[in-house]
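Heads up: the structure comes next, in C-alpha cells.
The values are calculated or read from the model by the stated rules, or taken from the named source; none is laboratory data. Worth saying up front: this structure is predicted, and the values here are computed from it rather than measured. Reconstructed Cβ throughout: ideal geometry from the backbone, glycine too, with neighbour counts over all protein chains shown. Remember, those area values only see protein heavy atoms, side chains included, never the ligands or the DNA or RNA. Shrake-Rupley method; radii C 1.70, N 1.55, O 1.52, S 1.80 Å.
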Amino acid sequence: MTLSIVIVDDDVVSRSMLQDIIENCGTLELSGMAEGGLEGERVILDLKPDVVLIDLLMPDQDGIETVANLKQSGYSGKFIMISQVVNKEMVGAAYQKGIEFFIHKPINWVEVEHVLNKVNEQWKYERYVQEIKQSMARLNLVEAPTPAPAQTRTVRDTARSILMDLGIIGESGSKDIVALMEYAIEQKQASELPPLKESYEAVAQKYKLTPKEVEKECKAMEQRIRRTVLTALTNLASIGLTDYSNPKFEHYAPLYFDFQDVRMKMRAMEEEQASDNKSKVNIKKFLQVFYMETVEKINS
C-alpha cells in the first residue's frame, strides 16, 4: 500500500519542488495540493491522506492553526511542517500540536526525501503493530492448548531481550515490566493488557501482605516503570542523534513512543537542556506495545 500525501503551501515554487520529489519516490503518492490553510483543511478532510506536508507561515491561516483545526475535526494522519522560521517557541508549539518532522526552507531535495522515507517507515511500523493486534485477535492465540513450559522461549527471557535492546535491562523498573508481562500472559490476554491498576495490584500482592503495603508498592512500581521508560526514551534519542538510520532507533523509536516526543527529546539533548522531568512518555502505550511484541516473539 502506497503512502498518500497532500501538500499545503502558498508558494507555487515550493509546491512544484515537493511534487517532483514525491513523484520521484516510487513508494509515495501525491493525492492533492492546496494554496492555503483554509483550502488545505477542505482538501485534507475530503481526501484523508496519510501525510500532510504543510507550510508554517501562510497568509490566510498559519500551519499550526490548520493542524489544530484538522485534529479537532478528527483527522488522524501525520504532519510534516515546512518553514524557514527557526524561532524555538514556534517550533515547540508545532511539535505540541502533533508535527512529526520539520523541513527547512529553502527546500533541499535530499532532506525532504530523507524525512519522507522516515515517515514512510514509521507508518509501516504502525500498520505492522495493528496487523499483529488483529492477527492475535483472529487466531485467539491465548486459547492454544500448548502449555507454557513447552514454549521455546519463556516470557521472562523474551521480555529481557527487548529490555536489553532498549538499554534498560539494568533499570529497577525492568523487573516490574517483566512481572507485568508474565501476569498478562497468565491471564490469557489476546491482544490487550489487563488494566494497569489491576496489573500493578496483582504483581504487588505476590510479595506484599496488607492492603496498605500493596497500595504503597503499586505507587512505587509505577514510578520505577516511568523512570525506566524515560531512560529508554533517552537511550533511543541518543542513538538517533548519533546515527538516525540505526536499526534499533528505526524499529523501537516510532513503535514504542510518539515520534514527536522522541524528536523533542533529541532537540533537548542537542541543546544540552536538563529536561528529563519535562519529557513526556505514554506508559500505557509503551507497555501495550511491549506486551504485543513479547507475545509475537514467543509464538514466532
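Quick notes
- Residue within region 233-242 that is of a type outside the set (D, E, K, R), within 30 Å of Lys88 (Cβ to Cβ), more than 18 Å from the chain's Cα centre (by Cα) and modelled with pLDDT under 90 present: yes
- For region 17-32, taking the residues that are open to solvent by 50 Å² or more (accessible area, probe 1.4 Å) and within 25 Å of the chain's Cα centre (by Cα), the one that is modelled with the highest pLDDT is identified as Glu29.
- Qualifying residue in region 15-29 (condition: touching a Ser or Thr at 6+ places or on another chain (Cβ under 9 Å) and part of a strand (DSSP E or B)): yes
- Among the residues of region 111-129, those that are closer than 24 Å to Met58 by Cα and open to solvent by 20 Å² or more (accessible area, probe 1.4 Å) comprise Glu111, Glu113.
- Residue that is nearest to Asn24 (Cα to Cα), among those in region 63-115 that are in a helix (DSSP H, G or I) and of a type in the set (Lys, Arg): Lys71
- Where Ser76 falls short, out of the listed (1) open to solvent by 10 Å² or more (accessible area, probe 1.4 Å); (2) at pLDDT 90 or above: (2)
- Residues that are within 19 Å of Met90 (Cα to Cα) and of a type in the set (A, V, I, L, M) occur in region 1-15; there is at least one.
- Subset tally (residues that are touching a Lys or Arg at 6+ places or on another chain (Cβ under 9 Å), of a type in the set (Ser, Thr, Tyr) and more than 15 Å from Asp50 (Cβ to Cβ)) for region 69-99: 2
- Of the criteria (1) open to solvent by less than 50 Å² (accessible area, probe 1.4 Å); (2) outside any helix (DSSP H, G or I), which one His251 fails: (2)
- Pairs linking a residue in region 193-210 that is closer than 17 Å to Arg224 by Cα and basic (Lys, Arg) to a residue that is open to solvent by less than 80 Å² (accessible area, probe 1.4 Å) and in a loop (DSSP other than H, G, I, E, B), with Cβ atoms under 8 Å and 6 or more positions apart or on different chains, do not occur.
- One residue alone among Val91, Val6, Val51, Val43 is open to solvent by less than 70 Å² (accessible area, probe 1.4 Å), under 24 Å from Met264 (Cα atoms) and in contact with a Gly (Cβ under 8 Å, 6 or more places away or on another chain), and that residue is Val51.
- Restricting attention to region 180-222, the residues that are aromatic (Phe, Trp, Tyr) and surrounded by 13 or more Cβ atoms within 10 Å (Cβ to Cβ) total 2.
- Restricting Thr210, Thr294 to residues that are out of contact with any Ser or Thr (no Cβ under 9 Å at 6 or more places or on another chain) and among the hydroxyl-bearing types (Ser, Thr, Tyr) narrows the list to Thr210.
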